[in-house]
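The values are calculated or read from the model by the stated rules, or taken from the named source; none is laboratory data. Treat the numbers as computed from the prediction; the structure is a model and nothing was measured. Cβ: placed from backbone, ideal geometry, glycine included. Neighbour counts: every protein chain shown. The protein model used for the area step is the full one, side chains on, heavy atoms only, and it has no ligands, DNA or RNA in it. Shrake-Rupley method; radii C 1.70, N 1.55, O 1.52, S 1.80 Å.
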Amino acid sequence: MRYIPATEEDIQRMMQDIGVSSFDELFSMIPADLHYRGKFAIPDALSEQELTEHLWQLSARNDHLMEAISFLGGGAYHHYAPAIVDSITSRGEFMTSYTPYQPEISQGTLQAIFEFQTYMCQITGLDIANASMYDGASSAAEAVLMARRIQPERNKVLIARTVHPSYRQVIRTYLTNLPVEIIELPYDAKGQIDPSALAANLDENTICLVVQSPNYFGVVEDQSRLFQEVKQRGALGVSVIAEALSLGILKSPGECGADLVAGEAQSLGLPVGYGGPNVGFLATRQKLMRMLPGRLVGIAKDQKGRRGFVLTLAAREQHIRREKATSNICTNQGLCALAVTVYLSYLGAEGFRNLALRNLQMAHAAREALNRVARISFSSPHFNEFVLDLGTDAQEVCDKLSVKKIYPGIPLGKYYPELKNHLLVCATEMTRKAHIDRLATELEALR
């Protein structure tokens with residue numbers, strides 16, 4: 001159905017029914033001196049042709065990743081999305097797939113969500129995953145809130161400073177009005193959590209430890225050791241994943257002992273867009289299932305014994321009493337979760353691993369080449385990102401190279417003032433040897 005606005009006759013009838021004589025009377029309670037009587041600086045309407053031309057002109061001002069040389073990462077990754085992803089997610093059956101309250105007419109949507117949950121369990125190594133979250137940052141914050149619900153008598157959260165800066169900021173925002181102390185743990189010379197800082201701050205009041213691996217520096221953390229230490233004090237281990245493709249070759253967080261895994265699945269079939277769309281995921285162990293936010297899709301049987309997909313758990317405030325709800329998160333990223341599901345189905349287990357290996361190979365090639373013109377900051381194992389010490393202001397280097405449509409990475413000084421000269425570099429399967437050689441040449445010229 002097309003959206004058809006109310007006619008003038010409809011408006012007059014509505015005003016008559018509510019007892020007002022004009023549209024302005026609806027705002028009569030607002031003091032007259034607060035009314036704006038001028039004309040807004042909004043241009044006149046354009047025809048369809050004019051609007052299309054205008055949008056093309058605006059888009060031409062952007063640098064496209066297929067035209068530029070990009071080594072950007074830091075939570076948003078440029079991977080190839082096969083055509084089948086758009087082909088299936090664009091089908092009409094999924095255009096209006098929102099909330100599947102009526103399972104008898106929502107089996108396709110419910111099954112797609114169920115498959116997404118299954119894939120998230122497989123790659124995280126945990127028992128239960130919810131129907132998706134907004135993004136990695138809010139998923140991480142929801143994981144911390146969930147950990148607090150599990151251990152309400154405790155009041156301290158430990159977060160590694162190597163967790164994505166935006167994720168840390170969102171977690172702080174979520175916990176602002178709660179009686180919870182947040183302690184950020186520094187990193188050591190290897191780019192991992194400083195073990196002495198963890199030992200000094202971990203105690204019986206600790207709710208959880210939040211660790212990202214690969215962390216924001218691209219370094220792989222020793223999660224098995226960290227979560228073992230945490231559990232000795234009765235705290236929970238929260239693993240955060242910003243680059244989900246890394247799970248194709250790394251030991252799963254579940255195997256490492258994580259109690260909760262929160263992350264971002266953008267790299268699994270979703271393009272890099274300004275502000276999104278993204279899709280978060282949150283997985284846990286079965287014993288903690290009822291503390292999960294959002295909703296869960298499960299399998300049931302109808303009266304004739306046929307398999308069906310239904311919402312089996314929805315502990316959000318729209319469904320149950322507000323004081324009993326686990327969260328006020330009100331939906332799941334249905335279309336984005338579908339894209340991730342199609343992408344993983346297309347790759348399969350072997351393809352997922354091979355693609356992860358390809359990313360690792362390209363990152364090692366870039367690291368080896370760039371190490372000749374700059375210094376590698378951290379020697380620890382990494383996946384498809386690493387940090388370079390340029391020996392000069394990294395932001396200035398980025399500004400100079402961006403004019404040539406070369407984006408060498410993310411300057412770290414904004415988030416880590418002590419790393420002003422350092423650059424976070426990412427290489428994926430979209431990176432070519434020619435790109436690496438060009439960056440090495442440009443950096444050499446700037447030395």
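Count of the range 127-142 residues, restricted to those that are open to solvent by less than 10 Å² (accessible area, probe 1.4 Å) and in contact with a Lys or Arg (Cβ under 8 Å, 6 or more places away or on another chain), is 2. Residues that are crowded, with 22+ Cβ neighbours inside 10 Å, among the aliphatic types (A, V, I, L, M) and touching a residue at least 60 places away in the same chain (Cβ under 8 Å) were ranked within the range 198-229; the one that is nearest to Ala349 (Cα to Cα) is Val219.
Are any residues in the range 90-117 among the β-branched types (Val, Ile, Thr) and either in contact with a Pro (Cβ under 7 Å, 6 or more places away or on another chain) or at pLDDT below 90 (or both), and if so, which ones?
Here is the first cut: in the range 90-117, the residues among the β-branched types (Val, Ile, Thr) are 96, 99, 105, 109, 113.
Listed by number, the residues that qualify are Thr96, Thr99, Ile105, Thr109.
For the range 25-52, which positions are among the acidic types (Asp, Glu), surrounded by 10 or more Cβ atoms within 10 Å (Cβ to Cβ) and under 44 Å from the mean Cα position of the chain (by Cα)?
Answer for the range 25-52, where residues must be among the acidic types (Asp, Glu), surrounded by 10 or more Cβ atoms within 10 Å (Cβ to Cβ) and under 44 Å from the mean Cα position of the chain (by Cα): just Glu50.
Could you grab me the full set of residues in the range 195-239 that are touching a strand residue (DSSP E or B) at 6+ places or on another chain (Cβ under 6 Å), assigned to a loop (DSSP other than H, G, I, E, B) and under 29 Å from Ile376 (Cβ atoms)? Result: Phe217, Gly218, Glu221. Here the range 292-315 is the region considered, the condition is being closer than 17 Å to Ile113 by Cα and not in a strand (DSSP E or B), and the residue that is modelled with the lowest pLDDT is Ala315. Residues of the range 264-291 that are open to solvent by less than 50 Å² (accessible area, probe 1.4 Å), modelled with pLDDT of 90 or more and in a loop (DSSP other than H, G, I, E, B): Ala265, Gln266, Ser267, Leu268, Gly269, Leu270, Asn278, Val279. Entry remark, the range 157-172: residues being of a type outside the set (A, V, I, L, M, F, W, C), outside any helix (DSSP H, G or I) and within 11 Å of Ala137 (Cβ to Cβ) number 1 in total. Checked against the criterion of being farther than 30 Å from Gln122 by Cβ and open to solvent by less than 50 Å² (accessible area, probe 1.4 Å), the candidates Leu347, Leu443, Leu360 yield just one match: Leu443.
Quickly run through the range 295-309 and pick out the residues that are under 16 Å from Asp127 (Cβ atoms) and not hydrophobic (A, V, I, L, M, F, W, C). Walk me through how you get there before you give the answer.
Taking the range 295-309 and keeping what is under 16 Å from Asp127 (Cβ atoms), we get 296-299.
Gly298, the sole residue that qualifies.
Evaluated against (1) surrounded by 24 or more Cβ atoms within 10 Å (Cβ to Cβ); (2) part of a helix (DSSP H, G or I); (3) within 18 Å of the chain's Cα centre (by Cα), Tyr119 falls short on exactly one condition, (1). Residues that are open to solvent by 30 Å² or more (accessible area, probe 1.4 Å) and under 9 Å from Leu423 (Cα atoms) were ranked within the range 390-401; the one that is farthest from the chain's Cα centre (by Cα) is Leu390. For Ser47, the criteria (1) out of contact with any Phe, Trp or Tyr (no Cβ under 9 Å at 6 or more places or on another chain); (2) free of Cβ contacts under 8 Å to residues at least 12 places away in the same chain; (3) more than 30 Å from Gly92 (Cα to Cα) hold in every case but one, which is (3). Out of everything in the range 1-24 that is over 21 Å from His35 (Cβ atoms) and surrounded by 10 or more Cβ atoms within 10 Å (Cβ to Cβ), what residue ends up being modelled with the lowest pLDDT? Among those residues, the one meeting the criterion is Ala6.
For the range 433-447, the set of residues classified as closer than 13 Å to Thr392 by Cβ and hydrophobic (A, V, I, L, M, F, W, C) consists of Leu443, Ala445, Leu446, listed by residue number. Each residue in the range 53-74 was checked for being open to solvent by 80 Å² or more (accessible area, probe 1.4 Å) and on the phi > 0 side of the Ramachandran plot, and 0 pass. Return only the number of the condition from (1) at pLDDT below 85; (2) open to solvent by less than 30 Å² (accessible area, probe 1.4 Å) that Gln318 does not satisfy. Only one criterion in (1) at pLDDT below 85; (2) open to solvent by less than 30 Å² (accessible area, probe 1.4 Å) is unmet by Gln318, namely (2). Just one of Leu443, Leu419, Leu360, Leu401 is at pLDDT 95 or above and either over 22 Å from Met66 (Cα atoms) or out of contact with any strand residue (DSSP E or B) (no Cβ under 9 Å at 6 or more places or on another chain) (or both); which is it? The unique qualifying residue is Leu419.
When the range 287-304 is filtered for residues that are over 25 Å from the mean Cα position of the chain (by Cα) and over 17 Å from Gly254 (Cβ atoms), the ones remaining, listed by number, are Ile299, Ala300, Lys301, Asp302, Gln303, Lys304.
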